[in-house]
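Beneath this line is the structure, given in C-alpha cells, with notes to follow.
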Amino acid sequence: LPFLWKNFSSRGYTTFHAEDWPEISTFNSNLKGFKEQPVDHYIRPMFLAFDKVSLYKNKLDQAHMYLADKGIRIKSHAGLCFGNTPKFKIIIDYYKQFIERYGDKLKFAFSWNNELCHDYLNNLELADEDIYQFVRWLHTSGRLNNSVFIFLSDHGYLMNEIQNTFVGRFEARMPLFALSIPPQLKHSHPHIHINLQQNTKRLMTVYDIHEMLVDILQSDFLPKHTKFSTSIPRGISLFEKIPKSRSCKNAQIPEHFCPCYSSEKVSPLDLEVQKIASHITNKLNDKLRDHRPQCAEIKLHKVNTASIVDSNLVQTPSRFTLRNLMYKSDIKSRLKKRYIVTITTVPGHAQFESTVEKDDAGHMTILNDVITRTNRYNNQSVCITERLLKPFCFCSGQMK
C-alpha cells in the first residue's frame, strides 16, 4: 500500500514507526499487518518479545488496570509497565534515541501510544510529565528549529458514557491536533503561519494533514493562491487557506461523523423516534444475518436519547457560533428530517448511535450506513472473526 513513509524513504529519509500495544496497533488490530519490516526502525518485534517473556503478567495487565481505574491498587503490579518502566516511556525513549542518532539527517517518524488510555481515559495524566519533558527537550535542544512536529489523536473517547452526551459527541469527532513548524519557515514564508492560524477556525480533516506532509516532502512552501470558487477538494494542505465556506459535504466527511450540526432534543418515547430505533435494530440484525446462529438476534431494549439535527452546516460571515451557522441544502433535503438516536439492545446491553434520515413518506435511511457502538463489547463477539461486525454481535453461547 502507498504509505507516505515510503515516499519519504525514497527521498533519502530514514524512517521510524513505533507503537506500544501489538494487539491494538494501527496496522495489526484484527488485520494481517506487514509481510516485511515497513520502516528502517520498527519496535513491534521488541513489544512482541515482551509478551513472550512475561506472558503470564501481560495476561493480567488488563485486569489490574481495570481495578486501578476503580481505585483498587495492587502495589506489586502495574499494568502499564514492563519491569519498572512504563511502556509509553519506552516508546518516548526509543523515539528520542532515533532523533539523537540521526542528528541533522533527514528523518520521518510516526509514533503512537495506544495502551495508555485506550481503555481507561484517566490514565492519560500518568504520561503528562514524560510527554512534557520530551517536547521540552525537543524545544530546548533546538530540534524544533528545523523540524515539523505534530501531536495528535485519532479520535476522542469512544467507548464510554461520555460518548452519549452532546460534548462527548464533539470530542469523538474533533480530536486534539497540535502543530509546530520551524521559526525560519514562519519568517521566510509568512503566509504559511498566517494560513495555519486562520485554519484553526476552519473545518479540517486528516486529508488536509496528508496534503501538508506532501508539501513538506516536496519542499513546496510557496503560496499557491488556489481559488476554490466552484469546487473544494477533499484534501487541502494546511499551508493553504481553507475556505470558510467548507462544509462536511465538501470535505467528504460522512454525515454521521460531521461535527457541524445543531440539534433539538426529542423525547425518547416519541412515536417517530421509536420507529427509527426499531429500524436501527432491524439493520443490526440484517448485518448479522449470515452469522446465525453464532450471533443472537438483537432486540431493542430502550431508546436512550434522540435529537432532530440540522447537519452539514457551514460558517457564515458572522461570528462563528452554532447559532450563526447556516444549513445549505436543496429543497428536497429540507423536506426530510434527520435524527441522531442512541439505543440499548439486548442481549448484552449494547449501546449504539446512528443518524437516520426520514422523509415525508416515512422512508428511513441510515446515513452512510453507519451504526456506531458506544460502549465496550469485550468478549461478547468472540465467536466471529469479522472485524467490522464484532461490535454488533452477541454470541449465542454466552446466553446459556
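The Rg/Rh ratio for the range 170-305, using Cα coordinates for both the radius of gyration and the Kirkwood hydrodynamic radius, is 1.16. Coordinate range of the alpha-carbon atoms in the chain per principal axis, descending: 65, 60, 39 Å. Amide H to amide H distances under 5 Å link residue 110 with 16, 17, 18, where only residues 5 or more positions off or on other chains count and H is placed in the peptide plane.
Of interest is the spacing of the C-alpha centroids, which for the range 82-146 and the range 200-250 amounts to 28 Å. Residues whose amide H lies under 5 Å from that of residue 13, counting only those 5 or more places away or on a different chain, are absent; hydrogens are built 1.01 Å from N in the peptide plane. Using a 4.7 Å Cβ-Cβ cutoff, the cysteines of the chain lacking any partner cysteine are 81, 117, 260. Shown here are the Rg and Dmax of the Cα trace of the range 126-209, at 15.9, 47 Å. Applying a threshold of 32 Å to the alpha-carbon distances of 70/358; 201/287; 35/299; 6/224; 70/283 flags 70/358; 201/287; 35/299; 70/283 as lying beyond it. Think of a 1.4 Å ball rolled over the protein heavy atoms: the chain then has 58 Å² of accessible area per residue. Computed over the Cα atoms of the range 175-231, pair by distinct pair, the Kirkwood hydrodynamic radius stands at 12.7 angstrom. Among the trypsin sites (Lys or Arg not before Pro) found in the range 156-214, those both in a DSSP coil and sparsely packed, with 12 or fewer other Cβ atoms within 10 Å of their Cβ, are 201. Protein-only accessible surface at a 1.4 angstrom probe places the residues 54, 237 in the order 54, 237, largest first. Measure out, as a whole number of angstrom, how far apart the alpha-carbon centroids of the range 355-381 and the range 274-314 sit. About 5 Å separates the Cα centre of the range 355-381 from the one of the range 274-314.
For the range 255-266, backbone phi angles converted through the Karplus equation (6.51, -1.76, 1.60; θ = phi - 60°) give residue-by-residue couplings of 4, 5, 9, 6, x, 8, 8, 10, 9, 9, 5, 10 Hz, Gly and Pro being listed as x. How high is the relative contact order of the range 115-231? Use alpha-carbon pairs under 8 Å, at least six apart in sequence, and give a whole percent. Rounded, it is 19 percent for the range 115-231.
The values are calculated or read from the model by the stated rules, or taken from the named source; none is laboratory data. These figures come from a predicted structure and were not determined experimentally. No Cβ is skipped: glycine too gets one built from the backbone with ideal geometry, and neighbour counts run over all protein chains shown. Areas reflect the complete protein model, heavy atoms only, side chains present, ligands, DNA and RNA absent. Shrake-Rupley method; radii C 1.70, N 1.55, O 1.52, S 1.80 Å.
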